Amino acid sequence: MKILTTSIQQTTLLQLFLTVAASLLTLCLGAGLAAWRTANRLEKPTYTVVRRLPSAPSTHRRCQVEVRKYEPYLIAETTIDESSMRKAGSVGFGRCAGYIFGKNEPRKSRNNNEDPEKMAMTAPVRTIGQQPQGEKMAMTSPVRATGNTKTRDKINGIKSKGKTKVSFVIGSKYTLQTAPKPLDPNVKIRQVPSHYLAATTFSGPPPSDERVGKEREILEQTLEREGIKILGNNGDGNGETMVYGYHDPVITPNFLRKNEVAVMVDGKSVGKGQS
């Protein structure tokens, strides 16, 4: 009888545990879905898809490379002394989020209201790896794959000493003359001019530097096959690598998060193609 009672108690506790776990899972998924829907409604830069290209057969995964033409837009940008895009992201996100959520000084208006301005969230969060210079070090250290230096750096055991830019898009209702001034001197407001960009898209958590490098390889091989030139910092073909994040990396489930790895390309080399 005692054994039967103990077994019933254990079954009841197990059922209670499973009920609580299922409730928490449902709650988390519900919050994640709500965050995903909210992010999808955020204002984004305006662009037109110019071409859609199947990835080169030799790349690590089959996907589609989208070539876009972007209209000009404003960003709040900060530069981090860190070559790892993922490591730099948390620091840069905090600085730019501070600006968006009120760490700013509004331009003087007619009513002279200079209280901090809370600005609307937008998407995506932009992370851009600059072309680095190298410093010799042990082969065991991680290397960020950026531009055409990635293979050379792996062979020579070089750790990149680059910088990473992190930025938030500023809503289209603002101009350079009307956007609030950042109180943090590390945050700058600038306009991104009209440009052409090629991107791969995938779901999951914010990508590791290794994943960014693999996506960059897809872009390089696919664009080379199509005769499309990647723009470099100095026009030398060794361009910056951009990572765009569209969804909250904490609340939104991995399978709903949208990430993009992109490079700027020469619009003259794009051609008309087929969308």
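The values are calculated or read from the model by the stated rules, or taken from the named source; none is laboratory data. Just so we're clear, the structure is a prediction, and the values are computed from it rather than from any experiment. Counting neighbours? That spans all protein chains shown, and the Cβs are built from the backbone with ideal geometry, glycine included. Heads up: the accessible areas ignore ligands, DNA and RNA and are worked out on the full protein's heavy atoms, side chains in. Shrake-Rupley method; radii C 1.70, N 1.55, O 1.52, S 1.80 Å.
Structure values in brief
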{"quantity": "Out of V187, V169, sole residue that is surrounded by 19 or more Cβ atoms within 10 Å (Cβ to Cβ), in contact with a Cys (Cβ under 7 Å, 6 or more places away or on another chain) and within 24 Å of N104 (Cβ to Cβ)", "calculated": "V187"}
{"quantity": "Leading residue by the ranking (modelled with the highest pLDDT) among those in the stretch 59-106 that are open to solvent by 80 Å² or more (accessible area, probe 1.4 Å), of a type in the set (K, R) and more than 17 Å from Y244 (Cα to Cα)", "calculated": "K103"}
{"quantity": "Out of R110, R52, sole residue that is farther than 25 Å from T252 by Cβ, open to solvent by 80 Å² or more (accessible area, probe 1.4 Å) and modelled with pLDDT of 95 or more", "calculated": "R52"}
{"quantity": "Selected residue (criterion: farthest from V125 (Cα to Cα)) from residues of the stretch 44-60 that are touching a helix residue (DSSP H, G or I) at 6+ places or on another chain (Cβ under 7 Å) and not hydroxyl-bearing (S, T, Y)", "calculated": "A56"}
{"quantity": "Top-ranked residue of the stretch 167-200 - restricted to ones that are in a loop (DSSP other than H, G, I, E, B) and under 18 Å from the mean Cα position of the chain (by Cα), ranked as nearest to K258 (Cα to Cα)", "calculated": "G171"}
